[in-house]
Amino acid sequence: MKRRVSILGATGSVGTSTLDLIERSPDRFDVIALTAGSDAQGLADAARRTSAKLAVIADPSHLAELETRLAGTDCRAATGADALNEAAAGEAEWVMAAIVGCAGLVPVMAAIEAGRTVALANKEALVSAGALMIDAAARHGATLLPVDSEHNAIFQCLAGSRREDVAKLILTASGGPFRTASDAAIRAATPAQAVAHPNWTMGAKISVDSATLMNKGLELIEAHHLFGLPSNRIDILIHPQSVVHSLVEFIDGSVLAQLGSPDMRVPIAYALAWPERMATPAQRLDLATIRSLDFEQPDLQQFPALRIARQALEQSGAAPTILNAANEVAVAGFLAGQFAFTEIASLVEQALERAVAGAPSSIEDVIQIDLETRHAVAELIEARCH
Ligand code: NDP
């Protein structure tokens, strides 16, 4: 029987890689719903190619264009929060959560509350909602499959083992485009330099997060929630080649790792076919050509975002929600050319100084804290620019 799938964020980097795999295996998948933010053309093209039944565009000003582009097909065009939730919690039993940022939180929760199998790329939603999301998944019988290559690697390494036998998790990080750059070069980094990741082709936001190492900080919090380990049992290791995607150390001293060429279609395929596997066109790993793999400790002086994220995890309460919201606003400001690269971490740290609120007790609380933080950081930016 074909697996019925929906993709939230179908026009993005993860979304298009997911579509690429689905279109290579049309006998395995039926596409039910696809969503995008504002890219009506990309969404309509994907919906036509896959014979999707529902296409949802988050920005209502693009609905008319979407309708025009879908004319003559059986695909319904829609917009608005209800339509996004319908895409997430409709007929598909498997949902790819690949919207960028906390904007994906409500639809991800809709999929979870409908008990779906959720392939989770949208790490910001999990960082913001944390235990609320994990608890909801348990309560509603939803399955969360990690798509982030590091968490997918850990998920693969943990298969068949008991959680009490795990000593620690080791998340690898490429180090981003500024790993070997001088302090001065980092201070002068442009948006174009920051998004030019050495190993992965990704959306702009996660590329900047990789350059600040905030991405690894978000992944640390993501790993804590997905695998239930405290901060002091999750290490970060810089590995510039991005071949070892992460490792698990067990209590007997054994270490398991998952390796592969840096191609998101590998972890996406693992989630798409889970609990089976499927073929992908990813380049095969040729270790004899690569010859050596390097590892080093992250430099927390040069990349303070990682230290700040770990502190937010250890502080818990509202801190991870604030960390994520502040980072989203700061990254958008940097990409818009409003301030220097190094200001991103400093804005996030300032926002966290206000982190007095307790842990959010509902998704509405998360959204409220997220909104308040966005306003606060926008004010900080405004004050700096004038
Ligand atoms: P992209 O920016 O490439 O794509 C984001 C997707 O979300 C697009 O479909 C976009 O639509 C849609 N979108 C943007 N804003 C909104 C909104 N307000 N409401 C609804 N939809 C919206 O991001 P990536 O694919 O790179 O990343 C997606 C998620 O996956 C992120 O959370 C990222 O951290 C995570 N991830 C990404 C990896 C990668 O390799 N790219 C690796 C691991 C995790 P539109 O095109 O119309 O703007």
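The values are calculated or read from the model by the stated rules, or taken from the named source; none is laboratory data. Small disclaimer: the values here were computed from a predicted structure and weren't measured. Here the Cβ positions follow ideal geometry from the backbone for every residue, glycine too, while neighbour counts run over all protein chains shown. For the accessible areas, the whole protein counts, side chains as well, though only heavy atoms, and no ligand, DNA or RNA atoms are used. Shrake-Rupley method; radii C 1.70, N 1.55, O 1.52, S 1.80 Å.
Output the qualifying pairs, or none if there are none: Cβ atoms under 8 angstrom, residues six or more apart or on different chains, first residue in segment 40-64 and among the basic types (Lys, Arg), second residue within 11 Å of the ligand (Cβ to nearest atom).
ARG49/LEU19
Check VAL14 against each of (1) in contact with a helix residue (DSSP H, G or I) (Cβ under 8 Å, 6 or more places away or on another chain); (2) away from the ligand (no atom under 13 Å from the Cβ); (3) open to solvent by 20 Å² or more (accessible area, probe 1.4 Å) and name the one condition it does not meet.
VAL14 satisfies every listed condition except (2).
Kindly check whether there is at least one residue in segment 188-197 that is open to solvent by less than 30 Å² (accessible area, probe 1.4 Å), touching a residue at least 40 places away in the same chain (Cβ under 8 Å) and within 16 Å of the ligand (Cβ to nearest atom). Full working, then the answer.
Our first condition is that a residue be open to solvent by less than 30 Å² (accessible area, probe 1.4 Å); within segment 188-197, this holds for 189, 194, 197.
When the remaining residues are screened for being touching a residue at least 40 places away in the same chain (Cβ under 8 Å), the result is 189, 194.
Narrowing the set further to residues that are within 16 Å of the ligand (Cβ to nearest atom) leaves 194.
Scanning segment 188-197 turns up at least one residue that is open to solvent by less than 30 Å² (accessible area, probe 1.4 Å), touching a residue at least 40 places away in the same chain (Cβ under 8 Å) and within 16 Å of the ligand (Cβ to nearest atom).
Only residues that are more than 15 Å from SER346 (Cα to Cα), aliphatic (A, V, I, L, M) and under 23 Å from the mean Cα position of the chain (by Cα): list them for segment 280-318, please.
ALA282, LEU313, ALA318
Restricted to segment 158-185, and to residues that are β-branched (Val, Ile, Thr) and not in a loop (DSSP other than H, G, I, E, B), which residue is surrounded by the fewest Cβ atoms within 10 Å (Cβ to Cβ)?
Among residues in segment 158-185 that are β-branched (Val, Ile, Thr) and not in a loop (DSSP other than H, G, I, E, B), the one surrounded by the fewest Cβ atoms within 10 Å (Cβ to Cβ) is VAL166.
What single numbered condition from (1) in contact with a Leu (Cβ under 9 Å, 6 or more places away or on another chain); (2) farther than 30 Å from ALA138 by Cβ; (3) more than 10 Å from the ligand (Cβ to nearest atom) fails to hold for ALA111?
Only one criterion in (1) in contact with a Leu (Cβ under 9 Å, 6 or more places away or on another chain); (2) farther than 30 Å from ALA138 by Cβ; (3) more than 10 Å from the ligand (Cβ to nearest atom) is unmet by ALA111, namely (2).
Restricting to segment 119-157, name every residue that is within 13 Å of the ligand (Cβ to nearest atom), among the β-branched types (Val, Ile, Thr) and either open to solvent by 10 Å² or more (accessible area, probe 1.4 Å) or outside any helix (DSSP H, G or I) (or both).
Result: VAL147, single match.
Which pairs do you get when a residue that is farther than 14 Å from ALA131 by Cα, found in segment 359-373, comes within reach of a residue that is among the hydroxyl-bearing types (Ser, Thr, Tyr) and crowded, with 18+ Cβ neighbours inside 10 Å, reach meaning Cβ atoms under 9 angstrom, with the pair 6+ apart or on two chains?
ILE367/SER128; ILE369/SER128; ILE369/THR321; ASP370/SER128; ASP370/THR321; THR373/THR321
Report yes if some residue within segment 83-94 is modelled with pLDDT under 95 and more than 17 Å from the chain's Cα centre (by Cα); otherwise report no.
Checked segment 83-94: no residue is modelled with pLDDT under 95 and more than 17 Å from the chain's Cα centre (by Cα).
If I filter segment 374-384 down to residues being in contact (Cβ under 8 Å) with a residue 40 or more places away in the chain and open to solvent by 30 Å² or more (accessible area, probe 1.4 Å), which single residue comes out as farthest from ALA319 (Cα to Cα)?
Selected residue: ARG384.
Just checking, which of ALA81, ALA55, ALA64 is more than 8 Å from the ligand (Cβ to nearest atom) and either among the hydroxyl-bearing types (Ser, Thr, Tyr) or over 24 Å from ARG116 (Cβ atoms) (or both)?
ALA64
Looking at segment 93-108, which of its residues are more than 22 Å from ASP209 (Cβ to Cβ) and within 14 Å of the ligand (Cβ to nearest atom)?
The answer is VAL95, and nothing else.
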